[in-house]
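The values are calculated or read from the model by the stated rules, or taken from the named source; none is laboratory data. In this text, all values refer to a predicted model and were calculated from it rather than measured experimentally. Note that each Cβ is placed from the backbone with ideal geometry, even for glycine, and that neighbours are counted across all protein chains shown. Calculation scope for accessible area: heavy atoms of the full protein, side chains included, ligands and nucleic acids excluded. Shrake-Rupley method; radii C 1.70, N 1.55, O 1.52, S 1.80 Å.
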Amino acid sequence: MIETKAVAEKFASIYGSGASLFVSPGRINLIGEHIDYNGGFVFPGAVDKGIVAAVRPNGTDRVRAFALDLGEEAVFRLDEADKPVQAWACYLFGVCREMQKRGGEVGGFDTVFAGDVPLGAGMSSSAALESVYAFALNELFGCGIDGFELARIGQATEHNYCGVKCGIMDQFASIFGKKGHLMRLDCRSMEFEYFPFDPEGYRLVLLDSRVKHELVGSPYNDRRVSCERVAAALGQELLRGATMERLDAIRERISPEDYKRARYVIGEERRVLEVCDALQRGDYETVGACMFETHRGMSEDYEVSCEELDFLVAVARECGVTGSRIMGGGFGGCTINLVRDELCDAFLAEAQKRFDEKYGHEPWVYDVVISDGARRL
């Protein structure tokens, strides 16, 4: 986790004493990508990388915020017309505004934050940023907002202030994460269940292609619109619960592209439930097979992969990795890999060597440590 001392010391040097420290994590998702905004099941977990924020109410109508990693300060009021110009500050502003819309009496505050969630890696650095401030401001200003609504505040911030029509999974995982557990979340009912995750004999590792994706104004939003069109053609609000038989019945009424998007979603919803059942049996071979199937669907049907990620998954398969797939919104970022202990070191060495030979740089490796959600330090 990011060193909190640097954040606290920077706060003291700029704004003085009296800050409280909070942290919120990034996340991985074992299976269930692009399913949250379709109302289906997802299977995320919080990780040991996140955003640390020092926060202190200042008794004014202004927020003074310093992004330590960027060396930038933003100062803004909390009226709708006062949206800051810096992209990172829009996340803080949006959280404040969304809390106010829900009756939270959020006032001005001083803050410094920093993080170690790799940007653009598909580990939801933005959700960690939204969640740390939603959690901190809820506590410091006594807003009394529950955890589910804190997650929705982060999601609404993305929608209304940052231009990404994301689902709820990332913010949910950042708020509700539990050490040593993954979570199966029903994104329609918001019911969830913790699953102990300690895959004996296996490691879960991420390979960061270091290809950065930018979801704002990207095909990410187009994918959601595509799914909404198919759901409407099926007479549903969401794609959740659709079947291939029903999809095939309307195939002539939708575009080939929309058909492929929906085919992926229907298959992925089934795979999430298969993985949950397999984990309860300790059947990691089935988990891995579903991961490879997900990658194929994301690459060929949903078309959110890229050449570098397809290459890493192909290398994983050749090296005998149990399961590998793109993780996150897509268009760059990481692959998530389920690897037998005895194969892991050789696989990582081979993947780094071959990727460097082809693309001129090695992918970064992150071991996955499943950790707790948003909290006060």
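From most to least packed by mean Cβ count within 10 Å, the peptides 238-250, 27-39 give 27-39, 238-250. Take every Cα pair under 8 Å whose residues are at least 6 apart in sequence, average their separation, divide by the length of the chain, and the relative contact order is 23 percent.
Diagonalising the gyration tensor over the Cα atoms of the chain and scaling each eigenvalue by 5 before taking the square root yields semi-axes of 34, 25, 19 Å, largest first.
Starting from the Cα gyration tensor of the stretch 156-220, take the square roots of the eigenvalues, sort them a ≥ b ≥ c, and report rounded, prolate or oblate (rounded when a/c is under 1.5, otherwise prolate if a/b is larger than b/c, else oblate). Since a/c reaches 1.5 but b/c is at least a/b, the shape of the stretch 156-220 is classed as oblate. For a paramagnetic label modelled at 7 Å from the Cα of Glu318 toward its Cβ, which residues of the stretch 339-375 fall within the zone defined by backbone nitrogen distances under 12 Å? The answer is 350-358, whose backbone nitrogens lie closer than 12 Å to the label point. Panel values: the stretch 78-138, Kirkwood radius from alpha carbon pairs, Stokes-Einstein at 37 °C and 0.692 mPa s, translational diffusion coefficient 264 µm²/s. Highest mean first, the peptides 74-84, 132-142, 296-306 sorted by other C-beta atoms within 10 Å per residue fall in the order 132-142, 296-306, 74-84. Per residue of the chain, what 222 nm ellipticity follows from adding -39500 (n - 2.57) for every DSSP H run with n ≥ 4, rounded to the nearest 500? Calculated mean residue ellipticity at 222 nm is -13000 deg cm²/dmol. Taking all protein chains into account, the per residue accessible area for the chain stands at 39 Å² (1.4 Å probe). Binning the C-alpha pair distances of the stretch 297-377 at 5 Å intervals from 0 yields a P(r) profile of 3, 14, 23, 23, 16, 10, 5, 4, 1 %, listed from the shortest bin outward. Rounded to the nearest 20, the size of the Cβ-charge dipole of the stretch 262-351 about its Cα centre is 220 debye, with Lys and Arg at +1 and Asp and Glu at -1.
With a simple spin-label model that places each label point 7 Å from the Cα along the Cα-to-Cβ direction, the separation between Glu357 and Arg253 comes to 5.2 nm.
Per atom type, the stretch 111-176 shows carbon and sulfur on 51% of its accessible surface, probed at 1.4 Å.
Here the chain carries DSSP beta bridges of which approximately 90% are antiparallel, counting only pairs with both residues inside. Which residue, Leu279, Val315, Ile250, has the largest displacement toward the positive end of the dipole of the stretch 184-326 when charges sit on each Cβ (Lys, Arg +1; Asp, Glu -1)? Farthest towards the positive end: Ile250. Working from label points 7 Å from Cα in the Cα-to-Cβ sense, the Tyr194 to Lys5 distance is 3.1 nm. Estimated translational diffusion coefficient (Stokes-Einstein, Kirkwood radius over Cα pairs, 10 °C, 1.306 mPa s) of the stretch 20-131: 105 µm² per second.
Relative to one another, the C-alpha centroids of the stretch 262-299 and the stretch 1-43 are positioned 28 Å apart. Here the gap between Glu245 and Asp283, fully extended at 0.36 nm per residue and compared with their Cα-Cα distance, gives a gain of 10.8 nm. Here is the tail figure for the stretch 223-377: Cα pairs spaced more than 20 Å apart come to 57 percent of all pairs.
Radius of gyration (Cα atoms) of the stretch 215-304, expressed as a multiple of 2.2 N^0.38 Å: 1.17. Considering only Ile336, Ile326, Ile145, the mean-square fluctuation computed in a Gaussian network model of the chain, springs between alpha carbons under 10 angstrom, is largest for Ile145.
Net length available on complete extension from Arg62 to Arg77 is 5.0 nm, with 0.36 nm assigned per residue and the Cα-Cα distance removed.
For the chain, the number of Lys pairs with C-alpha atoms closer than 16 Å, counting only pairs eight or more positions apart or on separate chains, is 4. Between Asp367 and Glu300, the FRET efficiency from the beta-carbon distance, with R0 = 35 Å, is close to 0.75.
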